[in-house]
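Chemist: Dumping the structure here so I can ask a few things about it.
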Amino acid sequence: MQWGTMPPSENESYLLDYHRRLAGVTARWFSKTPVFRGDARFPSTYALLAAEVPREGRLRAVLDVACGDGYLLELLARREHGRPGLVGLDMSESELAQAEARLEGAATLVQGVAQALPFEDTSFDVVLSHLALMLMDDCEQVLSEIRRVLKPDGKLSCVVGGGFVPSGTLAVFRGLMQSTIAVQPRPPLSLGDTRFRSNEGLMALFGLAFQQVDVFDLEVQEVGPPERIWASLASTYDADQLQPEAREDVRRAFLAAVEPMKDSAGNLTCDWRMRQVTASAPRR
């Protein structure tokens, strides 16, 4: 499926509209939010992925699938030594416009879809993706395409969603969203493949196309005033799909419920759960 030869699906149409209205939103919330993988701390989930591209040795060709506004590519482009050749792909014209302004020619940017990557076989040493693969239609085709464009023994590393924390700020939000969605005339769109929602599902899914699959649990800690935390939560896909009146009801209830959870500085801590998947392309 080449971009433009088939109309987007209902899910893709929603995502295109979302990223037209809120281009750059993912980097806005997560580019400065620290993440923990076991005992290791990284400045952000973007920095976590950038660290997967070696600084030493030969220059490498790197593809960022669903590159958004180009923040991850910018991290790699800033390197003084071992700067790789960079390519970003996204289906959103609005996100790519922001990426073009951010990168100022430091990467090649391509509009397209991951189900039909417009690149030759064995073009890249590393493929990265940040909070995107779990949203895509036909994820098996996406992973097959990524394997196709990777060089033998090339690396894929991606960050995907990891579910809700059973307590704290996100648990409050989840409870309010569940009760609100239950009375809406139409449920929100279900985006992506359910296999992305468990470690076992990820191992099985990525194992279809790759070898040496590893899944790491991530803890992302967002700290800020209640209204800022709410703004981040309101940009999640389910909340975005609520009618404005329903979303405002959730906002008021959320701010009231988390008032006792503020620290001495008046801030909330919002612990997100995510996962990192790394995998290697088979040697040919």
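Chemist: Quickly run through the range 217-270 and pick out the residues that are more than 28 Å from Leu48 (Cα to Cα) and of a type in the set (A, V, I, L, M).
Modeler: Leu242, Ala246, Val250, Ala253, Leu255, Ala256, Ala257, Val258, Met261, Ala265
Chemist: Within the range 219-234, how many residues turn out to be loosely packed, with under 14 Cβ neighbours inside 10 Å and over 18 Å from the mean Cα position of the chain (by Cα)?
Modeler: Qualifying residue count, the range 219-234: 2.
Chemist: Out of all the residues in the range 135-157, is one or more small (Gly, Ala, Ser), in contact with a strand residue (DSSP E or B) (Cβ under 9 Å, 6 or more places away or on another chain) and farther than 15 Å from Leu72 by Cβ?
Modeler: Taking the range 135-157 first, the residues small (Gly, Ala, Ser) are 144, 154, 157.
Then drop every residue that is not in contact with a strand residue (DSSP E or B) (Cβ under 9 Å, 6 or more places away or on another chain), which leaves 154, 157.
With farther than 15 Å from Leu72 by Cβ added as a condition, the list becomes 154.
There is at least one residue in the range 135-157 that is small (Gly, Ala, Ser), in contact with a strand residue (DSSP E or B) (Cβ under 9 Å, 6 or more places away or on another chain) and farther than 15 Å from Leu72 by Cβ.
Chemist: Which one of Phe196, Phe206, Phe173, Phe216 is assigned to a strand (DSSP E or B), surrounded by 15 or more Cβ atoms within 10 Å (Cβ to Cβ), at pLDDT 95 or above and of a type outside the set (A, V, I, L, M)?
Modeler: Only one candidate passes the filter, namely Phe216.
Chemist: Of all residues in the range 152-169 being outside any strand (DSSP E or B) and buried (at least 21 other Cβ atoms within 10 Å of the Cβ), which is modelled with the highest pLDDT?
Modeler: It comes out as Thr169.
Chemist: Could we say that Gln178 is surrounded by 15 or more Cβ atoms within 10 Å (Cβ to Cβ) and out of contact with any His (no Cβ under 6 Å at 6 or more places or on another chain) here?
Modeler: On the way: surrounded by 15 or more Cβ atoms within 10 Å (Cβ to Cβ): no; out of contact with any His (no Cβ under 6 Å at 6 or more places or on another chain): yes.
Against the criterion (surrounded by 15 or more Cβ atoms within 10 Å (Cβ to Cβ) and out of contact with any His (no Cβ under 6 Å at 6 or more places or on another chain)), Gln178 does not qualify.
Chemist: Determine which member of the set Gln276, Gln241, Gln184 is farther than 22 Å from Ala47 by Cα, polar (S, T, N, Q) and surrounded by 15 or more Cβ atoms within 10 Å (Cβ to Cβ).
Modeler: Gln241
Chemist: Go through (1) modelled with pLDDT of 95 or more; (2) surrounded by fewer than 16 Cβ atoms within 10 Å (Cβ to Cβ) one by one and return the number of the condition Pro282 breaks.
Modeler: Exception for Pro282: condition (1).
Chemist: Condition check: more than 20 Å from Arg102 (Cα to Cα) and under 16 Å from the mean Cα position of the chain (by Cα). Does Val35 satisfy that?
Modeler: Here the answer is yes, as Val35 does meet what is asked.
Chemist: Are any of the residues in the range 28-44 closer than 16 Å to Leu109 by Cβ and either surrounded by fewer than 16 Cβ atoms within 10 Å (Cβ to Cβ) or touching a residue at least 60 places away in the same chain (Cβ under 8 Å) (or both)?
Modeler: Looking through the range 28-44, none of the residues is closer than 16 Å to Leu109 by Cβ and either surrounded by fewer than 16 Cβ atoms within 10 Å (Cβ to Cβ) or touching a residue at least 60 places away in the same chain (Cβ under 8 Å) (or both).
Chemist: State the number of residues belonging to the range 100-109 that are part of a helix (DSSP H, G or I) and either crowded, with 24+ Cβ neighbours inside 10 Å or without any contact (Cβ under 8 Å) to a residue 12 or more places away in the chain (or both).
Modeler: 1
Chemist: Of these, Ser13, Ser9, which one is touching a residue at least 60 places away in the same chain (Cβ under 8 Å) and farther than 23 Å from Arg275 by Cβ?
Modeler: Only one candidate qualifies: Ser9.
Chemist: Go through the range 258-277 and report how many residues are within 30 Å of Gly201 (Cα to Cα) and among the β-branched types (Val, Ile, Thr). So that I can check it myself, show each step before the final result.
Modeler: Here is the first cut: in the range 258-277, the ones within 30 Å of Gly201 (Cα to Cα) are 269-277.
Filter once more, so that each one left must be among the β-branched types (Val, Ile, Thr): 269, 277.
Counting residues in the range 258-277 that are within 30 Å of Gly201 (Cα to Cα) and among the β-branched types (Val, Ile, Thr) gives 2.
Chemist: Collect the residues in the range 13-29 that are farther than 11 Å from Leu189 by Cβ and of a type in the set (Phe, Trp, Tyr), keeping them in residue-number order.
Modeler: So in the range 13-29, the residues farther than 11 Å from Leu189 by Cβ come out as 16-17, 19-29.
Selection gives Trp29 alone.
Chemist: Now, a different point. Given the structure, is Ser129 under 26 Å from Val35 (Cβ atoms) and not in a loop (DSSP other than H, G, I, E, B)?
Modeler: In short, yes.
Chemist: Have a look at Ala51, Ala47, Ala40 and point out the one that is of a type outside the set (D, E, K, R) and either at pLDDT below 95 or within 16 Å of Asp125 (Cα to Cα) (or both).
Modeler: Numbers: Ala47 fails: either at pLDDT below 95 or within 16 Å of Asp125 (Cα to Cα) (or both); Ala40 fails: either at pLDDT below 95 or within 16 Å of Asp125 (Cα to Cα) (or both).
The match here is Ala51.
The values are calculated or read from the model by the stated rules, or taken from the named source; none is laboratory data. Just so it is clear, the structure is predicted and the values come from calculations on it, not from any experiment. Neighbour counts are summed over all protein chains in view; Cβ atoms, including those assigned to glycine, are modelled from backbone coordinates with ideal geometry.
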